[in-house]
Structures are given as C-alpha cells and as structure tokens.
Amino acid sequence: AARVHPQWYPRKLYYETYGLSPDTLAELRRRGQVVQERSPMGNAQIIVRDREHALWTGASDPRGMGSAEGF
C-alpha cells in the first residue's frame, strides 16, 4: 500500500511515487489538500522472538535499503 504522511506545518500531504492514482490525487486537490510526491518514505526493520521454538526472525522493509541477513 502507498504510504502517505499528513504534515501539519507546512500543511502538505506527502505521498510515495506511484502510490496514489491520478483520480485520488485530483480528489484530494479538489478538497483543498496540497499534495507532494516524496519517495522513499519511511523504513522499518523488525526482529520477532518465538520463545516456544527458540527462534529469532528478522525482516527488513523491502522499500528501504536494509537487510535481514544474518538473523
């Protein structure tokens, strides 16, 4: 799913490239939103511990530059 970020000041709605359809962008503008493309937006890594099976699992956001290798 596309990521969006509503910035409070200055008032803008940032969205990821190719994340919102032209119709959606037009509707947001019609409603008075100032929209601006920005990519990439956000990045996350996570490690989950499964105590029952004594396992650790790592994952990296595929949109970022991270890697889950080595976990």
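The values are calculated or read from the model by the stated rules, or taken from the named source; none is laboratory data. What you are looking at is a predicted structure, and each value in this text was computed from that prediction instead of being measured. Just so you know, the surface numbers come from the protein's heavy atoms only, side chains and all, with ligands and any DNA or RNA stripped out. Shrake-Rupley method; radii C 1.70, N 1.55, O 1.52, S 1.80 Å.
Data for the structure
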| item | result |
| --- | --- |
| Probe 1.4 Å, accessible area per residue of the chain, Å² | 84 |
| Per-selection Rg to Rh, the chain - Cα, Kirkwood hydrodynamic radius | 1.19 |
| Residue-averaged 222 nm ellipticity for the chain, from DSSP H runs of 4+ at -39500 (n - 2.57), nearest 500 | -3500 deg cm²/dmol |
| The chain, accessible surface, carbon-and-sulfur percent (1.4 angstrom probe) | 55 |
| Max mean-square fluctuation residue, GNM over the chain, Cα-Cα springs under 10 Å, options 54, 26, 44 | 54 |
